[in-house]
Each structure stands twice: as C-alpha cells, then as structure tokens.
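Below is one structure, written out as structure tokens, with a few remarks after it.
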Ligand SMILES: Nc1ncnc2c1ncn2[C@@H]1O[C@H](COP(=O)(O)OP(=O)(O)OP(=O)(O)O)[C@@H](O)[C@H]1O
Ligand SMILES: [Mg+2]
C-alpha cells in the first residue's frame, strides 16, 4: 500500500484546436516526494497542472489519485480530495485583506472535515486560523501585512498567499506552478526552508520551476517537458547530462555547466 | 491663549476595528448609530408623515421596489451576477401568492411567506442552468423569462389569462399593509448587510472576485451562486406577493419591465454595493416616477436620463458620497 504512488498520470493528452499542448505524458508522484517539472516556455507545464486539477478538460488520458480514477471529476471535487494547486498568475481575492482570503478555503467542506476549525471552535474562528496559517507561511504576525488588502501586496506575499490557500485545505499534495518566479534571491532563500518544511509535514509537492538552482536543492527527481512531450525523468544530474535536454532547454552546453556547479 | 484644531470624529473609531472596541464613549456610539437610527425611525414614521391614501400606497410601492433593489445589489455587487430578473421574481411571487389565496383560501399573511419560499425555489431552478456559465448569460436569461412567461400566460389563457386573477384578499387594513412592507425592507436590508460580512458572504464575494480560486479551494461555485440567487429571488418574490395583496389583483403586468429596470436605476443613484443606497434610491425615484404617472410609458425615458446623468456626473451614488462626507465631519478640540 505504501509504495502506491499518491498521484499517477497516464498518457495525458491535450489539444487546443490544432496545437498539441500535451502529448501522452505519463508520470507519478510518490508519497511525501518532491517532483520537479522543468521545460522551456510554452512546453505545456501549466496545461499539465490544469488538466490534472480539471481546470481544463483533458482530451484523453487518465489520472489516478491514491489509486482512484479522478479523470472525470470536477475541479472542486479534486481539491476536496486534497489535491491542491497554485496558479502561475496569482489569483488572490483582491478586494479582501490577506487574512480574509483564507476564510474562503477554511469555509470549504474539506477544511470543515479535516480541520475541526468551525467558527468558535477550540482553534478559534476562521480569522484567527487564517492569521495562524499566514504566520506559518512567512507573514509577520505582528505587522500590518496580514491585514493589508491583497491588491496592495507585493509579488512575494501573493505567492505565499497562493500556498497558504492550499495549506488551509490540509492538502495531501500541492501542485506549485512557478512559486519562485518573480521573487528576489533573498525572497527565494526564505521560501526554500518553507518548501522543505512542507515536505517534512508529509505533503507531496510537484514544483514547476524555471529557477533550476533552487529547484535542485529541494527536488531529487526531475521531469523535463518539451513541446508537450516528456523528454526524460531522473535525478538533476542525470537530467542535466542528457543531450536532448541540453539542446531543448539551454541551446548551449556552457549554461548547463554553470547551473550544475551550483546545484 | 488656548489653541484649538480640527479633528475627524471617525479617526478614533476606525483605529479600533471590529465592533467591540468601537464603543468607547456614548458620543462615538451616537456617531456610529445616528445614520442607522435616522433611516429606521424615518421609515417607521413615514406612514404618519403622509397619511393620505394615495401617498400611503406610494410608500408601499417604494418598499416593494426597495426589496428588488436590495436583491439586485446583493447579486450584482457581492456575487457578480447582473440580474435583470426583477420582473420574474415579482411575477412568480405574485402569482403564487394569488393562487394560494384564491384557490386554497390562505390568508395573505400566510400566503406571502409561502410564495416567498416557493417562489424563490422556482426562480432558482429556472435560473440554475445559466449559473455555471460566466458572462452575460445570466442577465439575458433573467430578462427573457418574464417576457416569455407573460406571453405563455396570454397564449395558453392559464392563470386568468389577460384578465389576471381577481378577488384576491387585501391586507387586514392599510396600517398592517404599510408596516408589514416597511418592516420587511428593514429586515432584509440589515439581514443582507449582515450576510455579506459573514463567512458565507465572504465566499460569495470571493466568487465575484475570483471564481477560479474558489474552485481551487474545493468549493462548488454553482452551489454558492444558487444560494445567493435563492436569497435574492426570495426578496423579489416577497415583494411580488405583497404587491398582489395591495392591488388585490394579479395579472401579466407583474412581469413588466419596470420591475427589472427601476431597481437598477435606483441602485446606481443610491450607490452600488452599499445595500442601503438602493433603498434610498427607491425612496427618491419611485415617488418622482409616481408624479410623472401622466406621462405613461415615457417614464422609461426619464429613468434613462436620470441614469445617464448619475453615471456621468456622480457615478459613486448618493450613499457613497454621503458616507464620505459624514466621515469627514470634524470637531474642534483643544490642543
Ligand atoms: N487556453 C488555451 N488555448 C489555446 N492554446 C493554449 C491555451 N493554454 C495554453 N495554450 C498553448 O499550449 C502551450 C503550452 O502552454 P503552457 O501555458 O502550458 O506552457 P508553460 O509550459 O506553462 O509555459 P510557461 O513556462 O511560459 O509558463 C502553448 O503553446 C500555449 O500557447
Ligand atoms: Mg506556465
């Protein structure tokens, strides 16, 4: 039972009109593992997440979550099972303060089931729980930041807010779509331990990233996509040594060298 | 010499957020409750200020439009559904209450709640198919239903056909009529204001703000939209049910476009998204429109002109403007 993957994707295919955005992509994620997905722009990474979480309808293929076929389930049912995602283009509720953003996921059926934090319960009402989660994810509790309107928050905090929305659901797996991009080096440096802590809490992660150096610090297994096809899967070293990847992703061998020295 | 400077009254209150701490002194309490008291007391004494039969009738009509306007504001500004279905709600609620009263012999004060709940259920079911869709579909479908219903009743000659249903009981007396509709407006006004600040209300606002994020949070957005449509159509159906007992007649004019358009004009005038604003808008617009009754259908031109004028010159609406001015009131304090 324990060696059953938490998420298994079989031959996921998606066409937009004539464009083949995903071509029979198969992979799996193990319990508590961090899987990195890399690939050039437009290679279908976001499309893959959208298909898994049913935000767009897959053309063909199957998706199993803990052995259960979820290919035909609607998006909210999938999130309800604990398969959560962040959005590459952040989607906070701009008209609400940061901590009120979390009242919404905390109001969801899953949070009510798993969290035991009904309003006024022993964990306090949803506002308090929301602030607790924000603190965990790196909002300074005693500052004004958690109370600021989401529309006034800088990118770094919005990325954290995306993760916080997933955490409010007590997820089993989070699909992260470029949580590092748009962040400064120091912001990323403070995000990495956070990601490591999520893994220690037993949450599996799929991380789509362009920031390879930081990704290789946390993910031991990498999958490479190019033009909607899976090129290779393996450890960071294996993947970076592959000729096809060098060609598709970097164009030149020197850049690979540079990345590998830091990894 | 004594120094004095100006200070805004609301400053101290705003810093101490979230209710409890706002009540630090009687003066601040007064500052906060005064506008609400003015509105509540104002509405309650209206029937005495204008005791003539004619104006009392106008007050009832104002209240019915006010229910529609609050219902429009709730859907449009807190859920993101633009409803042109005022006429649908009025018609469905009105006909149900009329049937309950004439065919089953329920007294008005029993038929009205039944019509409110049952009507809201029917309207929600009717509008349900377009809830998963985004965009303009909800507006179009909600506009189409009342037009279609009027034609169906006419063509099939059901529910009294073009003559309508006659012999409907009125309220026991006109004071009960007045206070029933006034209390309902106050009830729903403060009820909706409460609702949008509950956690459920936050979810509804989130659906407007970003429905994809709500789906990603494991919530069925269609269900929450349906909940909002139910609340909203309940208000409209209540209005319609009251209306047939006021006129003692129910006919296809209940599906008239006025019930869809005037509440929107009132919302724009009063201040969209404030919930109180639309009620104020009705208090202004409906009596003026009564005075223009002689012009018949030309009145629609008048609503349109007012709408355009407000959108061009003061798009925020009376309520938002008034609120800002009220918060800017200053007093002199010693330094
Ligand atoms: N809704 C859509 N309609 C049509 N084509 C689309 C749609 N969404 C994505 N595509 C196309 O599918 C391909 C894959 O896009 P996708 O967004 O998945 O790339 P990505 O790997 O996430 O890129 P990036 O690194 O820039 O985020 C692109 O060619 C894109 O133009
Ligand atoms: Mg992408």
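Laboratory data are not the source of any read-out in this text; all were calculated from the coordinates shown. Every value quoted in this text rests on a predicted model; they were computed, and no experiment measured them. Because the Cβ atoms are built from the backbone with ideal geometry, glycine has one as well, and the counts that use them run over all protein chains shown.
Distance between the 7 Å Cα→Cβ label points at residue B:308 and residue A:125: 4.7 nm. Placing R0 at 45 angstrom, the Cβ-Cβ distance between residue B:26 and residue B:291 gives a FRET efficiency of 0.60 after rounding to 0.05. Summed over qualifying helices (DSSP H, 4 residues or more, each -39500 (n - 2.57)) and divided by its residue number, chain A shows a 222 nm mean residue ellipticity of -9500 deg cm²/dmol. The range B:268-335 and the range B:48-98 have their alpha-carbon centroids 17 Å apart.
Arranged from fewest to most other beta-carbon atoms within 10 Å of their beta carbon, B:249, B:26, B:175 become B:26, B:175, B:249. The order of A:177, B:73, A:242, A:69, going from fewest to most other C-beta atoms within 10 Å of their C-beta, is A:69, A:242, A:177, B:73.
Per-residue extension of 0.36 nm, minus the Cα-Cα distance of residue A:69 and residue A:185, leaves a gain of 37.8 nm for this segment. In the elastic network of chain B, a GNM with C-alpha springs shorter than 10 Å, the most mobile of B:270, B:160, B:239 is B:160.
Taken residue by residue and averaged, Cβ atoms of other chains lying within 10 Å of the Cβ of A:74-87 number 4. Between residue B:152 and residue B:34, residue separation times 0.36 nm minus the direct Cα-Cα distance comes to 37.6 nm. Here r is the Cβ-Cβ distance between residue A:229 and residue B:315 and R0 is 45 Å; the resulting FRET efficiency, rounded to 0.05, is 0.30.
With each label modelled as a point 7 angstrom along the Cα→C-beta vector, the residue A:241-residue B:4 pair spans 8.6 nm. As a proxy for reagent exposure, ranking B:59, B:64, A:232 by other Cβ atoms within 10 Å from fewest up yields A:232, B:59, B:64.
How far is helix A:155-167 tilted off the main Cα axis of chain A, in degrees rounded to 10, range 0 to 90? Helix A:155-167 and the main axis of chain A meet at about 80 degrees.
Between helix A:126-136 and chain A there is an angle of about 50 degrees, using the helix long axis and the longest principal axis of the Cα atoms. Summarised in one figure, the compactness ratio Rg/Rh of chain A, Cα atoms and Kirkwood Rh, is 0.97. Using the Cβ-Cβ distance between residue A:56 and residue A:200 with R0 set to 25 Å, the FRET efficiency from 1/(1 + (r/R0)^6) comes to roughly 0.15. Counting only other chain Cβ atoms within 10 Å of each residue's Cβ, the peptide A:102-110 averages 6.
Between residue A:152 and residue A:11, the contour length at 0.36 nm per residue exceeds the Cα-Cα span by 46.6 nm.
Of interest is the spacing of the C-alpha centroids, which for the range A:163-202 and the range A:1-22 amounts to 23 Å. Principal-axis analysis of the Cα atoms of chain A puts helix A:253-262 at an angle of about 40° to the longest axis.
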